[in-house]
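The numbers here are math on the coordinates, done by the rules we state, and not lab data. Owing to the predicted nature of the structure, the values given are computational and were not obtained by experimental measurement. No Cβ is skipped: glycine too gets one built from the backbone with ideal geometry, and neighbour counts run over all protein chains shown.
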Amino acid sequence: MTTHRIRRPDRRLAARIADAVLSVLAAGGVVCIVAVALSVTMNISLIMFKTGSMSPTIPTGSLAVVREVPAASVVPGDVVTVARVGELPVTHRVVRTSPSAGGATLLELKGDANDYPDPAGYSVTEVRKVLWSMPGLARVVVWFSNPFVLGALTIAMTVLVVVVFWPRTPKQRT
């Protein structure tokens, strides 16, 4: 009588793959926890570039890490995001700064791809300063924020957790 058994190397390979997947997911979780901690403690957040006004330095589809800072601390050459009443924020390079009324700072901004500075200065007390940016990363964030992708990831993670932690009964040796 011939019996077929699963070869041990196949089980070890499957265990290694499962361990690798869990390690990657754990690292992703740590990154998320660190990102939330930085956001709360250091006023750091992300912005996405939907226009090419900062090209070629920061092209359309880039993702930037920004930090909220006092407007008086920025200098010409810095790239900042300024909130605008009733409009989307604008992210351009600082051309000139000067003190303004009420402790605010008047910023003259210009997009790198634009021929002229923005038509009006921005009188602000706080801005979000661009710390660094990565071209193309905004598309990844947009893809992951799709409800169907989030749903699929949730189902996949649920299945993974069930498979990994499901109680197993030891096999009887004969």
Within the chain, longest stretch clear of exposed trypsin sites (Lys or Arg not before Pro) (DSSP loop, no more than 16 other Cβ within 10 Å): 51-167
Once amide H atoms are built 1.01 Å from N in the peptide plane, which residues 5 or more positions from E126, or in another chain, come under 5 Å H to H? A71
Evaluate the distance, in nm, between pseudo-label points positioned 7 Å from the Cα of A113 and of V69 along their respective Cα→Cβ axes. 2.5
Residues whose modelled amide H sits under 5 Å from the amide H of V74, counting only those 5 or more places away in sequence or on another chain, are none
On full extension of the chain, what length is gained from R139 through T57, given 0.36 nm per residue of separation minus the C-alpha to C-alpha distance? 27.8 nm
Please list, in order along region 105-118, the HN-Hα scalar couplings obtained from phi with the Karplus expression 6.51 cos²θ - 1.76 cosθ + 1.60 (θ = phi - 60°), rounded to whole Hz, x for Gly and Pro. 10, 8, 10, 9, 10, 8, x, 4, 8, 8, 7, 10, x, 4
Let me know the charge dipole size of region 49-155 about its Cα centre in debye, to the nearest 20, where only the beta-carbon of Lys, Arg (+1) and Asp, Glu (-1) is charged. 200
S23 and A120 label points (each 7 Å along its Cα→Cβ direction) are spaced in nm at 5.6
Matching label for the computed percent of Cα pairs over 26 Å apart, out of (1) 31; (2) 51; (3) 38, is (2)
Which of the listed residues, A138, L106, L160, is farthest toward the dipole's positive end in region 45-174, when Lys, Arg count +1 and Asp, Glu count -1 at the beta-carbon? L160
When the charge dipole of the chain is computed with +1 at the Cβ of Lys and Arg and -1 at the Cβ of Asp and Glu, the Cα pointing farthest to the positive end, of G61, V24, F148, is that of V24
